[in-house]
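The values are calculated or read from the model by the stated rules, or taken from the named source; none is laboratory data. Treat the numbers as computed from the prediction; the structure is a model and nothing was measured. Heads up, the Cβs are rebuilt from the backbone with ideal geometry, glycines too, and the neighbour counts pull from every protein chain shown.
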Amino acid sequence: MQQAGRLGNRLQGSLPGYLAVPATQQGVGILLFQEPTSESEQTQEVCEQLARAGFVVWAPDCSPQELTLEAGQDQVEKAFTQAVERLLSEPAVNGARVGCLAFSSAAAMAFLGSLRNQRVGALALCHPVISADAMRSLKAEASSALGLQASFLGFFLDPPVKVPGQAPDPRALCFTESADLQSLLGEGFARENLIQLEGVREGFMDESRPDRFDALSSRECWQRLHQFFSAVSV
């Protein structure tokens, strides 16, 4: 049941997830991938934020193994394709292509799915965290095809902020390593869409975490995301 004041609700069934539809009842479709499931307030709030900006958002429940490619590429592709088809089945979605947004450790699944599925017209990654094994898989996939055909926007935390008593995640891609992504993106990507964010750390867009939330950087990222998905014909 949809909660009062909300634009979305959590759906059960064979493909559970959270669906948010703008008040206009139509808009570009966006797939959201992040580690917290659709039961989490964090995931639901991201969906709501995008729906308030005019997008139809579907956040499918995926396993951590699917998000990081540990479940195997065939299983990941199957789950990604089901998510695309589920979103496109919504009457409110405009067009035959969708956008895709992934945070942190969900970047690997979003990237592989976008490489293999031509119905993705735009891919945005925020603070991508990709293991060495997953990166090798992505590079092999990109080299066997034409690279990423969707438009790309990436936000990188650089340099990593040191947290007392906590070692930095070695899987996190920094802006200085963005060249590692260029073999995946092909020749046609816009270099100005590789965004360097300084002095913030993972969770900087999450208002429920005051120890990490950064209002200025968060606002900049949301504005860029809205412009990016609005400007790209999907």
Odd one out for Q44, checked against (1) buried (at least 19 other Cβ atoms within 10 Å of the Cβ); (2) free of Cβ contacts under 8 Å to residues at least 24 places away in the same chain
(2)
Which residue, of Q25, Q75, Q118, is modelled with pLDDT of 90 or more and either in a helix (DSSP H, G or I) or of a type in the set (K, R) (or both)?
Q75
For segment 81-104 the number of residues that are touching a Cys at 6+ places or on another chain (Cβ under 9 Å) and either charged (D, E, K, R) or more than 13 Å from G17 (Cβ to Cβ) (or both) is 4
Tell me, yes or no, whether segment 82-99 has at least one residue that is touching an Asp or Glu at 6+ places or on another chain (Cβ under 8 Å) and surrounded by fewer than 24 Cβ atoms within 10 Å (Cβ to Cβ).
no
For V46, are the conditions met, namely being of a type in the set (A, V, I, L, M, F, W, C), part of a helix (DSSP H, G or I) and under 28 Å from I130 (Cβ atoms)?
yes
Failed item in (1) within 23 Å of E39 (Cα to Cα); (2) part of a loop (DSSP other than H, G, I, E, B); (3) not hydroxyl-bearing (S, T, Y), with Q149 passing the rest:
(1)
When residues of segment 55-72 are limited to those that are in a strand (DSSP E or B) and buried (at least 24 other Cβ atoms within 10 Å of the Cβ), the one farthest from the chain's Cα centre (by Cα):
V56
How many of the residues making up segment 121-137 are over 30 Å from G95 (Cα atoms) and assigned to a loop (DSSP other than H, G, I, E, B)?
2
Could you figure out which of (1) modelled with pLDDT under 70; (2) of a type outside the set (A, V, I, L, M, F, W, C); (3) surrounded by 12 or more Cβ atoms within 10 Å (Cβ to Cβ); (4) within 20 Å of E35 (Cα to Cα) isn't true of E202?
(1)
Could you identify the single residue in L32, L112 that is touching a helix residue (DSSP H, G or I) at 6+ places or on another chain (Cβ under 7 Å), assigned to a strand (DSSP E or B) and not aromatic (F, W, Y)?
L32
Out of all the residues in segment 155-171, which are at pLDDT 65 or above and out of contact with any helix residue (DSSP H, G or I) (no Cβ under 7 Å at 6 or more places or on another chain)?
L157
Check R119, R136, R86 and return the single one that is within 17 Å of S151 (Cα to Cα) and of a type outside the set (A, V, I, L, M, F, W, C).
R119
Checklist (1) in contact with a helix residue (DSSP H, G or I) (Cβ under 8 Å, 6 or more places away or on another chain); (2) surrounded by 21 or more Cβ atoms within 10 Å (Cβ to Cβ); (3) over 24 Å from G13 (Cα atoms); (4) small (G, A, S) applied to S137, failing item
(2)
Of all residues in segment 205-234 being assigned to a loop (DSSP other than H, G, I, E, B) and surrounded by fewer than 15 Cβ atoms within 10 Å (Cβ to Cβ), which is modelled with the lowest pLDDT?
S233
Of all residues making up segment 29-41, the number that are within 15 Å of the chain's Cα centre (by Cα) and either touching a residue at least 40 places away in the same chain (Cβ under 8 Å) or within 17 Å of G95 (Cβ to Cβ) (or both)
7
All positions within segment 8-39 that are surrounded by 15 or more Cβ atoms within 10 Å (Cβ to Cβ), small (G, A, S) and within 21 Å of P64 (Cβ to Cβ)
G17, S38
